[in-house]
Amino acid sequence: MEAITERLLGDRKSNLRTQHQVSTTRNMEENIPIYDEFIYCLGAATQVLKFGPWRDLQKTSDEAPPKVLFLIIPGNPGVVGFYKTFMQSLYCGFNSQYPVWAISHAGHCSPPTGMGMTDELDHQTEDVFGLNGQIEHKLFFLKQNVPSDVKLVLIGHSIGCYIILEMMRRSPELKVLKSILLFPTIERMAQSPQGKIMTPWLCSLRYVVYMPLYLLSFLPEIMKTYLVKLALSGIKSVDETSVVASLNLFRMDCAANAMYMGSQEMVKVVERDNATIKQHLSKLIFYYGAVDNWCPVQYYEDIKKDFPKGNIWLCDKGYRHAFVLDSSKEVASLVINWLNEPPNL
């Protein structure tokens, strides 16, 4: 739950199937085509948000296919709606040249009416809602949806950074140009200030939260929206897309899946994967928060000492760990500047 917890408590093609209900919108101000799709990936409900006209990279067309895909791996809860403003800023910042996609974590999105959280007809990888399953979930999505010659810019947030490092370790054949790791929770999560608070709740006491969540799920949408705005009232200029995205957490199974994944994070994210970082150091950019209770400054100082030549930065602008709540455009500008520096895309 690290992304917003400070503010809110077999290769079978059938394993990934697009739900018939696909939302296609267009941002009128920027004239941006946006596709909001719900699919089953490894048997689990998954939301994929796509900016740009390239809805299916596997299909050939008269237009030259894009050479680069930006793929965002979210924090926890892994609801892609939190990243909508961030994605739009990236898409526009690169002059609409590249598709910008975000994939939810398995079971963290609220699927449309008629679509269950799992597809019983499809094979589901072992423990797809756990941390290891979420990594395999992203790799399977790429294998099924992205041609092997398309280069990748991977952008991770929080636990999404850990997932990206694991993806690069497990699948070295991925054509990764750069991996941007924002506020990375890649080590000692349970020992962090926030981890010490959350570990008992996530590992032992999360079942206590289930009944209140179940009761809250029956509230009308207007009341849920009011509660979210109340919880976020201490933040100036809250991104409205974050309010909408937070409503997913009122669905019992979405919240339960997010907390279950969080419990595994506290246990499994212990040692930093120095071997993978060393192997791919030239492709990695780390951005740590100066006031971040999930990955404190000490973690930045430690990794900077171990990798003095790495692109490892400490935020001097006061952005919070959950930057998507109020600083999406600003963080997107940083990413654009990093990628525009030689050697650029």
*Find all pairs meeting these conditions: Cβ atoms under 8 angstrom apart; at least six residues apart or on different chains; first residue within the range 135-154 and more than 18 Å from P65 (Cβ to Cβ); second residue open to solvent by 30 Å² or more (accessible area, probe 1.4 Å) and modelled with pLDDT under 95.*
E136/T125; H137/T125; F140/D11; F140/T125
*Which numbered condition C92 fails, given (1) out of contact with any Ser or Thr (no Cβ under 8 Å at 6 or more places or on another chain); (2) at pLDDT 95 or above; (3) within 30 Å of S263 (Cα to Cα)*: (3)
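For the range 256-274, enumerate the residues that are in contact with a Ser or Thr (Cβ under 9 Å, 6 or more places away or on another chain) and either in a loop (DSSP other than H, G, I, E, B) or at pLDDT below 95 (or both).
First pass over the range 256-274, keeping only residues in contact with a Ser or Thr (Cβ under 9 Å, 6 or more places away or on another chain): 262-263, 265-267, 269.
Matches in the range 256-274: V269 only.
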*Any idea how many residues of the range 275-303 are open to solvent by less than 60 Å² (accessible area, probe 1.4 Å) and assigned to a helix (DSSP H, G or I)?*
8
*When residues of the range 41-86 are filtered for being open to solvent by 20 Å² or more (accessible area, probe 1.4 Å) and either among the hydrophobic types (A, V, I, L, M, F, W, C) or assigned to a loop (DSSP other than H, G, I, E, B) (or both), how many remain?*
13
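Can you confirm whether L181 is crowded, with 18+ Cβ neighbours inside 10 Å, within 19 Å of the chain's Cα centre (by Cα) and either modelled with pLDDT of 95 or more or of a type in the set (K, R) (or both)? Break it down stepwise before answering.
Details: crowded, with 18+ Cβ neighbours inside 10 Å: yes; within 19 Å of the chain's Cα centre (by Cα): yes; either modelled with pLDDT of 95 or more or of a type in the set (K, R) (or both): yes.
Yes.
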*Inspect the range 111-123 for any residue being within 27 Å of Q279 (Cβ to Cβ) and open to solvent by less than 40 Å² (accessible area, probe 1.4 Å) and give the result as yes or no.*
no
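Condition check: out of contact with any Lys or Arg (no Cβ under 6 Å at 6 or more places or on another chain) and open to solvent by 10 Å² or more (accessible area, probe 1.4 Å). Does I197 satisfy that?
Details: out of contact with any Lys or Arg (no Cβ under 6 Å at 6 or more places or on another chain): yes; open to solvent by 10 Å² or more (accessible area, probe 1.4 Å): yes.
For I197, the condition - out of contact with any Lys or Arg (no Cβ under 6 Å at 6 or more places or on another chain) and open to solvent by 10 Å² or more (accessible area, probe 1.4 Å) - is met.
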*Count, please, the residues in the range 145-178 that happen to be open to solvent by 20 Å² or more (accessible area, probe 1.4 Å) and in a loop (DSSP other than H, G, I, E, B).*
7
*Could you say whether any residue in the range 142-155 is in contact with a helix residue (DSSP H, G or I) (Cβ under 9 Å, 6 or more places away or on another chain) and hydroxyl-bearing (S, T, Y)?*
no
_Residue count for the range 217-245, restricted to those that are assigned to a helix (DSSP H, G or I) and open to solvent by 60 Å² or more (accessible area, probe 1.4 Å)_ = 8
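Every residue, every condition in (1) among the charged types (D, E, K, R); (2) farther than 17 Å from A258 by Cα, yes or no:
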site: V150; (1), (2): no, yes
site: K175; (1), (2): yes, yes
site: I186; (1), (2): no, yes
site: M189; (1), (2): no, no
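The values are calculated or read from the model by the stated rules, or taken from the named source; none is laboratory data. Every value quoted in this text rests on a predicted model; they were computed, and no experiment measured them. Here Cβ is always computed from backbone atoms with ideal geometry, including for glycine, and neighbour counts include all displayed protein chains. Calculation scope for accessible area: heavy atoms of the full protein, side chains included, ligands and nucleic acids excluded. Shrake-Rupley method; radii C 1.70, N 1.55, O 1.52, S 1.80 Å.
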